[in-house]
């Protein structure tokens with residue numbers, strides 16, 4: 001079943017302060033498209049080690065958005081990329097798309 | 001505690017900043033997206049604590065630590081648990097926080113930093129750079145207390161703001177004064193023979209008019225201290 005991004009993690013800090021959640025989502029929205037673009041660029045050029053570094057950074061945003069299973073997939077994908085394997089690339093694409101769709105709603 | 005946050009990811013910096021704001025005793029004085037800018041800052045400013053990401057482009061967190069002569073306490077923040085063992089090799093690393101950082105885990109980290117900071121501040125007070133306990137002397141070197149067996153000391157030499165404590169196979173350089181260590185050493189064993197030298201009288205090999213040979217060191221003896229030295233010797 002496809003995971004749905006949520007603000008559960010951020011709400012631990014905000015204690016109901018919506019402005020904090022909004023500020024954080026603003027930062028995620030500004031950073032994520034560039035991180036995604038750099039990942040795809042490295043992946044397409046088969047710079048898998050660099051792509052793994054990009055996944056590593058994106059992973060943090062996956063966790064911030066409460067996507068626990070996706071985080072596991074991203075970790076496995078990162079480790080696979082370091083060894084030059086790309087079997088989880090399409091699963092990771094789906095995660096990126098899910099996040100992109102969710103961020104558009106903000 | 002003044003702290004800085006170093007992380008190339010703005011989201012991560014914002015989260016750590018938010019967590020810090022929940023503690024009155026922690027003040028975030030600056031945040032950096034790369035290690036180079038942080039090094040420039042630290043060349044001009046002193047901080048008590050650094051929240052440091054490991055995975056950064058160009059300069060990793062560990063590269064950064066290696067550039068610091070006297071690193072403050074550091075809490076590593078990373079999504080990668082694989083560096084924990086490497087982290088143990090650095091005395092300055094107080095804790096290792098795995099992202100996503102939870103408020104509960106952050107609180108433990110702050111407690112650790114607080115505890116270590118209070119211990120360090122106790123040790124770094126100027127009158128505790130040299131402490132004696134029985135036959136042992138504890139000296140503060142690089143935020144560590146090193147034990148030296150007192151009878152094994154054969155010479156203490158003043159060098160500016162430092163003293164050199166010599167034992168058979170080692171020399172310790174300590175930020176302290178001759179007066180402070182003189183007060184900690186037993187008077188029946190040690191004697192100040194010159195304004196810059198204290199010797200262990202049991203370790204003297206021979207004596208000339210104005211010097212003594214002790215191990216491989218020739219130590220000057222001032223005219224005013226010579227009578228006391230002669231009194232201490234078992235002369236035939």
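The values are calculated or read from the model by the stated rules, or taken from the named source; none is laboratory data. For clarity, every value in this text was computed on a predicted model and none was experimentally measured. Because the Cβ atoms are built from the backbone with ideal geometry, glycine has one as well, and the counts that use them run over all protein chains shown.
Before moving on, here are some points about what is shown:
- Scope segment A:40-55; condition within 19 Å of residue B:53 (Cβ to Cβ) and surrounded by fewer than 21 Cβ atoms within 10 Å (Cβ to Cβ); matching residues: A:49, A:50, A:52, A:53
- When we screen A:10, A:103, A:50 for residues that are part of a helix (DSSP H, G or I), in contact (Cβ under 8 Å) with a residue 60 or more places away in the chain and touching a helix residue (DSSP H, G or I) at 6+ places or on another chain (Cβ under 8 Å), the only hit is A:103.
- Checked against (1) within 12 Å of the chain's Cα centre (by Cα); (2) within 19 Å of residue B:98 (Cβ to Cβ); (3) modelled with pLDDT of 95 or more; (4) surrounded by fewer than 17 Cβ atoms within 10 Å (Cβ to Cβ), residue A:76 passes all but condition (1).
- Test set (1) within 14 Å of chain B (Cβ to nearest Cβ); (2) in a helix (DSSP H, G or I); (3) without any contact (Cβ under 8 Å) to a residue 40 or more places away in the chain - residue A:16 fails condition number: (2)
- Taken together, the criteria place residue A:37 among residues that are under 13 Å from the mean Cα position of the chain (by Cα), more than 9 Å from every other protein chain (Cβ to nearest Cβ) and surrounded by fewer than 19 Cβ atoms within 10 Å (Cβ to Cβ).
- Matching residues, segment B:4-44, being in contact (Cβ under 8 Å) with a residue 12 or more places away in the chain, part of a helix (DSSP H, G or I) and within 13 Å of chain A (Cβ to nearest Cβ): B:10, B:12, B:13, B:15, B:16, B:17, B:19, B:20
- Selected residue (criterion: farthest from residue A:68 (Cα to Cα)) from residues of segment B:117-155 that are in a helix (DSSP H, G or I) and modelled with pLDDT of 85 or more: B:151
- Criterion (modelled with pLDDT of 95 or more, farther than 20 Å from residue B:58 by Cα and buried (at least 19 other Cβ atoms within 10 Å of the Cβ)) met by exactly one of A:86, A:64, A:95: A:95
- Filter pass, residue B:63 being part of a helix (DSSP H, G or I) and either modelled with pLDDT under 85 or within 14 Å of another protein chain (Cβ to nearest Cβ) (or both): no
- Scanning segment B:163-172 for residues that are surrounded by 13 or more Cβ atoms within 10 Å (Cβ to Cβ) and either under 16 Å from the mean Cα position of the chain (by Cα) or not assigned by TED's automatic domain parsing to the domain that holds residue B:204 (or both) yields a total of 4.
- Considering segment B:179-201, the residues that are out of contact with any helix residue (DSSP H, G or I) (no Cβ under 8 Å at 6 or more places or on another chain), surrounded by fewer than 20 Cβ atoms within 10 Å (Cβ to Cβ) and within 17 Å of residue B:136 (Cα to Cα) include one that is modelled with the highest pLDDT, namely B:182.
- Residue in segment B:49-58 that is more than 23 Å from residue A:64 (Cβ to Cβ), touching a strand residue (DSSP E or B) at 6+ places or on another chain (Cβ under 9 Å), more than 14 Å from chain A (Cβ to nearest Cβ) and at pLDDT below 90 present: no
- Number of positions in segment B:1-15 that are in contact with a helix residue (DSSP H, G or I) (Cβ under 8 Å, 6 or more places away or on another chain) and closer than 21 Å to residue A:56 by Cα: 10
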